[in-house]
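*Asks:* Supplied in structure tokens, the structure appears directly below.
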Amino acid sequence: MIEWSTAGASLVPLWAGIVITAGGIVLLAAALLVLRRQQATLRRAARLDHLTGLGNRKALEEALHAALEDAQPQRDRIAVLVLDLDKFKEVNDTLGHEKGDVVLCEVARRLHANIFEYDTAARLGGDEFAVVLRNLRAADDVAAVAHRLREAVARPIDIDGVPHFIGASIGAAVFPEHGTTAAVLMRDADATMYRAKRDREGVRVYDAGTTAGASALGMAADLLSAIDGGGIRMAFQPQRSLSTGAVVGVEALARWERSEAPVSPLEFIALAEETGLIRSLTALTLRLSLDEVCTWRSSGVAVPVSVNISARLVTDRSLPLEVAALLAARELPGESLVLEITETALITNRDRAVEVVHGLRALGVRVELDDFGNGYASFGALRDLPLDGLKIDRTLVVDESPGGARLLAATIEKAQDLGLTVVAEGIEDELLLERVRILGCDAAQGYHIGRPMTAEAIRAVLGCALPTSH
Ligand code: C2E
Ligand code: CA
Ligand code: CA
């Protein structure tokens, strides 16, 4: 109890001044009250990370102990997330500690803003943070929260008007699946974070060995039969031109229902990537999407479809050949297809990715960089890339801080200087639509314009003539 000894020292004059008289009891009570308050202040201070205002390691461990004490394994799920920044050292080394502190405070603010009041965020030390999540409904929910926190932290951080992409790796462990004590959960979350960082996975949930391994295997088997057996369908989301209001593009998004329950695309795409199923899944999404383009074109609508290409395939030399064959089989011109790639592809093997992108563009296919502003990419890295367009991630579109607004405007301007078209993503209301229109974006996509919808529904939006019923 460090607080006691410190408190005792500073209180000596107070105690010495107490005289036991008739009013002495009152004085004593007042002194005790002061003492208690001082203890509480000191106790709080001992659990505070003074730089960021979050709790420190001690605070986190206490929060975790308290949560576990109340928890019932049949009912409650509690998660520990350990988060380590990816590029903090670079900022600290090149810009100095003061700017490093700005980054740490901003990360702390974003973590705090993205959790509930009953959750706890803390800085463990250096650039390592941790979060305790209570009240999770299922162990699987932790991945979604971890992704959300990572996205929040990955948004560019403005330092003197210059955006810095710091990024983070997160490891998570869940009570009771992965452990029932604070020590075990902390250890597992920490070890998992290092594996996530090593494998550049971003987010990783502790894999308790055979049990989790077996369930992933079962899921992969189900995904394989879904790919082969018609269990994957595409949803279509429109993009509207901000100058004419016309639908100028449609993004195809894969959907999978496993035992009647939809699985998040983030989850099954990651699984497909881990298991090598991503090749056949992408071939399928390309086929389904291009078939749909044929239907649109047969009723006179020549809008291209946008398909997401997983980072792993952008370095695959056979991709342009496969795409060429799919287009030829349907007698479709290259411009009926847009491929969305992410910056991850460019980080892993840049030269190969550039070669593949050249091959695709030679077919007349447009290539756009997806999720810009939600990761590592900077304009310096983009300059010599053969791209046609940029999709600005929702996190950047909605950032209303002065730094965020400046960054958004600068991003749009620079992209257009480089000759890229700009699509703003995640437009959920009229205000955001107006914002990106004023800033000169070419097109917008989001719930306010249209949710991802069925093939029939998008045909109606595009004004395709309905098939005549017999
Ligand atoms: P993405 O490429 O960034 O796709 C856009 C995501 O944003 C979609 O999530 C879409 O439903 C969602 N969205 C659209 N409008 C709004 C909005 O106004 N507000 C918000 N908050 N969200 C909006 P979805 O369908 O869950 O897909 C998630 C991610 O999974 C996609 O992100 C993409 O990276 C991946 N994905 C989906 N389909 C495929 C696919 O066929 N192949 C590959 N490789 N990845 C895919
Ligand atoms: Ca996309
Ligand atoms: Ca996107």
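*Asks:* Below 8 Å, C-alpha to C-alpha, sequence gap of six or more: please give me the relative contact order for the chain in percent. Before the final figure, lay out the partial values.
*Replies:* Numbers: 763 pairs, mean separation 54.5, N = 470.
Relative CO of the chain lands at 12 percent.
*Asks:* While we're here: With a 1.4 Å probe and all protein chains kept in place, how much accessible area does D141 have, in Å² rounded to the nearest 10?
*Replies:* Rounded to the nearest 10, the figure is 50 Å².
*Asks:* Would you list which aspartates and glutamates come within 12 Å of K391, measuring only between C-alpha atoms, while excluding same-chain residues fewer than 8 positions from it?
*Replies:* Leaving aside aspartates and glutamates fewer than 8 places away in the same chain, those within reach of K391 are E251, E340, E343, E368, D370, D371, E425, D442.
*Asks:* Per residue, how much space in cubic angstrom lies within the convex hull of the C-alpha atoms of the range 57-208?
*Replies:* Values: hull volume 14.9 nm³, N = 152.
In the range 57-208, the Cα hull volume divided by residue count equals 98 Å³.
*Asks:* A further question follows. Which angle between 0 and 90 degrees, to the nearest 10, do you get for helix 24-46 versus the longest principal axis of the chain when only C-alpha atoms count?
*Replies:* Result, in degrees: 30.
*Asks:* FRET efficiency for T295 and E201, Cβ-Cβ distance as r, R0 = 25 Å, nearest 0.05? Don't skip to the answer; put the middle values down first.
*Replies:* Details: r = 38 Å, r/R0 = 1.50.
FRET efficiency, T295 to E201: 0.10.
*Asks:* Could I ask something else about it? First measure r as the distance between the Cβ atoms of A183 and A71, then evaluate 1/(1 + (r/R0)^6) with R0 = 25 Å and state the FRET efficiency to the nearest 0.05.
*Replies:* On the way: r = 15 Å, r/R0 = 0.61.
It comes to 0.95.
*Asks:* K89: which lysines have alpha carbons under 22 Å from its alpha carbon, excluding same-chain residues fewer than 8 sequence positions away?
*Replies:* Candidates past the 8-residue exclusion: K99, K197.
*Asks:* Report the Rg/Rh value for the range 279-349, based on alpha-carbon coordinates and the Kirkwood definition of Rh. Don't skip to the end; give the middle numbers.
*Replies:* Working: Rg = 12.6 Å, Rh = 12.7 Å.
Reported Rg/Rh (Cα atoms, Kirkwood Rh): 0.99.
*Asks:* Additional query: If you line up the long axis of helix 265-275 against the longest principal axis of the chain, both from Cα atoms, how many degrees apart are they, to the nearest 10?
*Replies:* 80 degrees
*Asks:* Per 20 Å bin, what percent of the C-alpha pairs of the chain does each bin hold, from zero upward?
*Replies:* Pairs per bin, as whole percents: 21, 48, 22, 7, 2, 0.
*Asks:* Run the simple label-point estimate for R148 and A46 please: 7 Å along Cα→C-beta, distance reported in nm.
*Replies:* Label at R148, label at A46, 3.4 nm between them.
*Asks:* Roughly what % antiparallel, to the nearest 5, for the DSSP beta bridges in the chain? Working shown, then result.
*Replies:* On the way: 40 of 64 bridges.
Antiparallel bridges: around 60 percent, rounded to the nearest 5.
*Asks:* For the chain, find the longest principal axis of its Cα atoms and tell me its angle to the long axis of helix 319-329, 0 to 90°, nearest 10.
*Replies:* Around 40 degrees separate the two axes.
*Asks:* Leaving out ligands, DNA and RNA but keeping every protein chain, what accessible area does E456 have, in Å² rounded to the nearest 10, with a 1.4 Å probe?
*Replies:* 110 Å²
*Asks:* Would you please state which residues of the range 40-70 a label at D101 would reach in this model, taking the label point 7 Å out along Cα→Cβ and a backbone N cut-off of under 13 Å?
*Replies:* 50-53
*Asks:* Same structure again: Could you work out what % of the accessible surface of the chain is carbon and sulfur, using a 1.4 angstrom probe and leaving DNA, RNA and ligands out of the count? Mind dumping the intermediate values first?
*Replies:* Numbers: 12680 of 22860 Å².
That share works out to 55 percent.
*Asks:* Just by accessible area at a 1.4 angstrom probe, what is the order of L51, L85 from largest to smallest?
*Replies:* Details: L51 65, L85 5 Å².
Descending order: L51, L85.
*Asks:* Roughly speaking, what is the stretch gain from E260 to R287, that is 0.36 nm per residue apart minus the C-alpha to C-alpha distance, in nm to one decimal? Show your work: numbers first, answer last.
*Replies:* Values: separation 27, 0.36 × 27 = 9.72 nm, distance 2.38 nm.
Stretched out fully, the E260 to R287 stretch lengthens by 7.3 nm.
*Asks:* Quote to one decimal, in nm, the extra length available between R451 and A405 on full extension: 0.36 nm per residue of separation minus the C-alpha distance between them. Display every interim value, and only then the final one.
*Replies:* On the way: separation 46, 0.36 × 46 = 16.56 nm, distance 2.52 nm.
The R451-A405 span can extend by a further 14.0 nm.
*Asks:* Stretched out fully, how many nm does the piece from T275 to S225 gain, at 0.36 nm a residue minus the Cα gap?
*Replies:* Values: separation 50, 0.36 × 50 = 18.00 nm, distance 1.36 nm.
Extra length from T275 to S225 when fully extended: 16.6 nm.
*Asks:* I've got another one for you. Counting only heavy atoms of the protein chains, get the accessible area per residue of the chain (1.4 Å probe) and round it to a whole Å² value.
*Replies:* 49 Å²
*Asks:* Moving on to the next point. Heavy-atom accessible area of Y194 with all protein chains present, probe 1.4 Å, nearest 10 Å²?
*Replies:* So the heavy atoms of Y194 present about 120 Å² to solvent.
*Asks:* What are the semi-axes of the equivalent ellipsoid for the range 215-462, taken as the square roots of 5 times the Cα gyration tensor eigenvalues, largest first, in whole Å?
*Replies:* Details: eigenvalues 148, 88, 77 Å².
Here the semi-axes work out to 27, 21, 20 Å.
*Asks:* What order do I78, I449 take when sorted by accessible area (1.4 Å probe), most exposed first? Please list the in-between numbers first.
*Replies:* Details: I78 10, I449 30 Å².
The residues order as I449, I78, largest area first.
*Asks:* Ignoring ligands, DNA and RNA, how do E128, E117, E434 rank by accessible area with a 1.4 Å probe, largest first? Walk me through the numbers before you get to the answer.
*Replies:* Working: E128 30, E117 185, E434 70 Å².
The ranking, largest first, comes out as E117, E434, E128.
The values are calculated or read from the model by the stated rules, or taken from the named source; none is laboratory data. Everything quoted here is computed from the prediction, not taken from an experiment. Cβ coordinates were reconstructed from backbone atoms using ideal geometry, including for glycine residues, and neighbour counts include every protein chain displayed. For the accessible areas, the whole protein counts, side chains as well, though only heavy atoms, and no ligand, DNA or RNA atoms are used. Shrake-Rupley method; radii C 1.70, N 1.55, O 1.52, S 1.80 Å.
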